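What follows is one structure encoded as structure tokens, with my remarks underneath.
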Amino acid sequence: MLFARDDTVSTNLRAPCLILALSLAAAPAAAQREGAAPSPDSAGLPDWVEADPFAGGEHDPLGAGRGDGLEATVPTDATEEARASAPIQRGEVLTAVAGVREASHDVDVRLAHGLAIVDVTMRFTSSARHAAELDYRLAVPDPASLAELEVCNARGCRRGLIDPSAGELSPYDEAVRSHGEGGLPIAHAASVEDARGHAIRIRAAPVQREGRLRRGSQARTPPGDGPLTVKVRYAIAAPIRGGRVRLAMPERGHDTRAAPARIRIRSDELSTARVDELDAVESAVERPPGQPWEISARLIGAPDVLLEAHRTRCDDAHCVRLRAVAAPREGPARDVFLLLDASPSTHGPARGRMGPTIATLLGALPAGARVRAVVFAARAETVVDAPVPASEISLGLLTRSLERELGSATRFEAAWPLIERSVTRAQRPLVIVLGDGGLTTGADSRRALARARAAGAELASINVADRATSEGLRSAVDLAVEAGPQADRAARGRLGALEEVLAPLTAPVVVPHVRERVGSIRADLGALRAGEERTWEGILSRGAASITANRTARAAIAPDELGIVVRDRAARAAGRPGVRLAAITPESLADEASCGGGPRRSASAPVGRDVHLVLSEPRRCAPPPRAPAANVSEGAPADGRIARIARHEGQSSLPARSLLDMLRQRIVPVARRCFREDRRGRPNYQTRAIFEFRLADREVVDAEVTGRLTPELRACLLSAIDALEIPRFDGTIAVRYPIYTAPELPPPTLTLDTDVADAVDALTEP
């Protein structure tokens, strides 16, 4: 059976098994040579086996039947082998030796008190020979506050304590390099931020393979501690918008050793909890590690106004969180004035998002709402003049109007005259600026905004760009909505998040002023709209805390998670690192980590003295920071240069010569015309004007013309700025460009002396 005609048989067999098979096959032949009767099993062998010239001969290449005893060879014991460093496999999620993998990943989300409290339970198994440490990157939304840590194996569990160390190596790093009695497992968790975003970095040890039965017997191999289970709890803000809670959870990463997530959601306050529109209450929803997922829930059956005031102990003070929530309801009919930004800065992603945003906004308006529309930049044009119900407006007409060329600025004062008369006669007028969050500020803009407020209009803005709304626009409106990510998703067909973020624009005000009192300090949290919430959180050293919205609620004892969130956010706001947790003994937390070599002993040693633990990364001390080179300064000239300009954040990439040429070609001709019209034939006319403006995102951010100028001349000079054709560049440019005109005096009168007069007369005589 060995020397079969199919050559593939022998090539796939191991040598010990092969030799044993040869010995067994050669035994009948030897018995026949010695006169023994053939066995029944050999009766069916073909003749070519007996005639094989190599079978049992002197030149047998396999040495079958020579009694060399290879069939008695056994594998070497682990103690007889040299310890080689095991290679580490680094993945997007898990970093450890190749035999370690995540067997399960369970996510339990609890929505309560305006927070999402997320419990993640991860179980790790190993097929590797050695005990191993694992390094796990758990992607989380920003910001996430680490609350609890627990690690368990067959020996027991250990809970995490706050790690106060600030050095490069923590007490956990010292413990994982130590060998002792091999006690309970250890772990460490900390919030980190890298190129992929925010995450919680989890390190734990040891994960080992389980003991198993020896082959052919009931005896087990020496058991390790087996699988390792790590539990992490973190909390994130889950505000209510439009009567809903919606949270986008990031993908963990594409890693074949990471297990799919099984997600469940529960809440005592919210209903219809879903994961990607699938019910996650009755049964768990599974998502692969390389796919993001979204949590959503509705606020149904809540009281008109719900007040919460919680406090919990934070060291020597109290962490306080105050919250007011209003149930959703539809607002009354009102007149809406839609101002569409068509300035050059909206070219690109923002322009593509404006169409879906307009459609979503029109669909969210209350029944009976009437809409007018204006497109504007440096100039403005009416798109929908007469009030039209939202359902009858042509979306194509509005989107086509965005392609008009109206100058290089975003001027509210250009659009306001077109709607001023209608606003004064409107019913609860709402003026919405829809664009990329920019506004050209100046004296004229401030006057137009003041007139709009005096006319009783409520001002709002919708920013569909990736950048934040400018301070000039934010300070000018009553409500600024940041809808960039939601508008981007709406452009790809998912409108739910955009509907919720736009809901405050049309929701009625339930409580005009929500007031909070913390100690002796009182503050106004603003108006509370239907389907929205107002919160305040901070640390109170002494005194009481309360929140008032039609009634008063005083702070009561809160769940521990609230205190952890408040403490963590207060630390981040002060520039301190977030909470870090270490699942080691309290005695080990007081030990200082060392960078030197040599044997280590720790009360938290995860493995025994005779166990080889493979670390997920080597522990080394970073070299000391290099001192700056002598006689080198940021402004020092380099070799071959006259001077070197210091680089700084936000520096522009537009060359100064190109900017100056643009100003001379665009501003000087317009300024010359303005000065000529203002001169009105006065030969002694002279004046000076200074253009001061900032350029960014292909348009004028703010602009002023200063000097002793009439209002008409100032407006004429400002029109020169609106005609600038600004190229695309990075950063921001602040421009100060003075210009003036000199008087045109008549030529002087020359007095001729007598002798000169006679000479002139002689020339003119015939």
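Read-outs: derived from the displayed coordinates by stated rules, not from any lab. The shown structure was predicted, so the numbers you read here are calculated from the model rather than taken from an experiment. Please note: Cβ atoms are built from the backbone with ideal geometry, for glycine as well, and neighbour counts cover all protein chains shown.
Listing for the model above:
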| quantity | calculated |
| --- | --- |
| Sequence-distant residues sharing a close amide H with residue 701 (under 5 Å, placed H) | 694, 695, 696 |
| Karplus (6.51, -1.76, 1.60) ³J(HN,Hα), θ = phi - 60°, over the range 392-406, in Hz, Gly and Pro reported as x | 9, 7, 7, 5, x, 4, 5, 5, 5, 5, 5, 8, 6, 8, 10 |
| Amide hydrogen neighbours beyond the local backbone of residue 478, cut-off 5 Å, H modeled | 459, 460 |
| DSSP-assigned coil residues among trypsin sites (Lys or Arg not before Pro) in the range 448-532, each with at most 10 further Cβ atoms within 10 Å | 492 |
| For the range 656-741: span of alpha carbons on each principal axis (Å, largest first) | 45, 21, 16 |
| Calculated FRET value between residue 619 and residue 657, using beta carbons and R₀ = 41 Å, to 0.05 | 0.15 |
| Length added when fully stretched, residue 744-residue 347, from 0.36 nm per residue minus Cα-Cα | 138.4 nm |
| The range 117-140 and the range 697-766: distance between their alpha carbon centers, rounded to Å | 75 |
| Calculated from backbone phi, Karplus (6.51, -1.76, 1.60) coupling profile of the range 311-325 in Hz, x at Gly/Pro | 9, 8, 6, 10, 6, 9, 10, 10, 8, 10, 9, 10, 8, 10, 10 |
| Selection of GluC sites (Glu not before Pro), the range 392-428, meeting DSSP coil and at most 15 other Cβ within 10 Å | 403, 405 |
| For the range 335-506: rounded, prolate or oblate by the Cα gyration tensor [a/c cutoff 1.5] | rounded |
| Percent of beta bridges antiparallel (DSSP, the range 335-506, rounded to nearest 5) | 20 |
| Pairs of alpha carbons in the range 264-307 whose separation is greater than 12 Å (percent) | 62 |
| Global geometry of the range 253-370, whether rounded, prolate or oblate, following the gyration tensor of its Cα atoms and the 1.5 cut on a/c | oblate |
| Convex hull volume per residue for the range 249-289, taking Cα atoms only, in Å³ | 72 |
| Gap separating the Cα centres of the range 295-342 and the range 376-438, nearest whole Å | 30 |
| FRET efficiency estimate (nearest 0.05) - Cβ-Cβ, residue 754 to residue 677, R0 56 angstrom | 0.75 |
| Net +/- balance of residues flanking residue 530 in space, Cβ distance below 12 Å, scoring K and R +1, D and E -1 | -1 |
| Environment charge of residue 479, counting only residues whose C-beta is closer than 12 Å and scoring Lys/Arg +1, Asp/Glu -1 | -2 |
| Label-point separation in nm, residue 281 to residue 196, each point 7 Å along Cα→Cβ | 3.4 |
| At 0.692 mPa s and 37 °C, Stokes D of the range 383-483 from Kirkwood alpha-carbon radius, µm² per second | 225 |
| Additional length obtainable on full extension of the chain from residue 736 to residue 447, 0.36 nm per residue less Cα span | 101.7 nm |
| Kirkwood estimate for the range 113-165, i.e. one over the average of 1/r between Cα atoms, Å | 14.3 |
| Karplus 3J(HN,Hα) series, Hz, for the range 472-483 with 6.51 cos²θ - 1.76 cosθ + 1.60 (x for Gly, Pro) | x, 6, 4, 6, 8, 10, 7, 8, 10, 9, 8, 10 |
| Percentage relative contact order, the range 656-741, counting C-alpha pairs under 8 Å, at least six apart | 38 |
| The range 335-506: relative contact order in percent, alpha carbon pairs under 8 Å with at least 6 residues between | 26 |
| Filtered GluC sites (Glu not before Pro), the range 148-198: DSSP coil and at most 13 other beta carbons within 10 Å | 168 |
| Residues with amide H under 5 Å from that of residue 103, placed H, sequence gap 5 or more | 123, 124, 125 |
| Under 10 Å, Cβ to Cβ, from residue 413 - net charge with Lys/Arg +1 and Asp/Glu -1 | +3 |
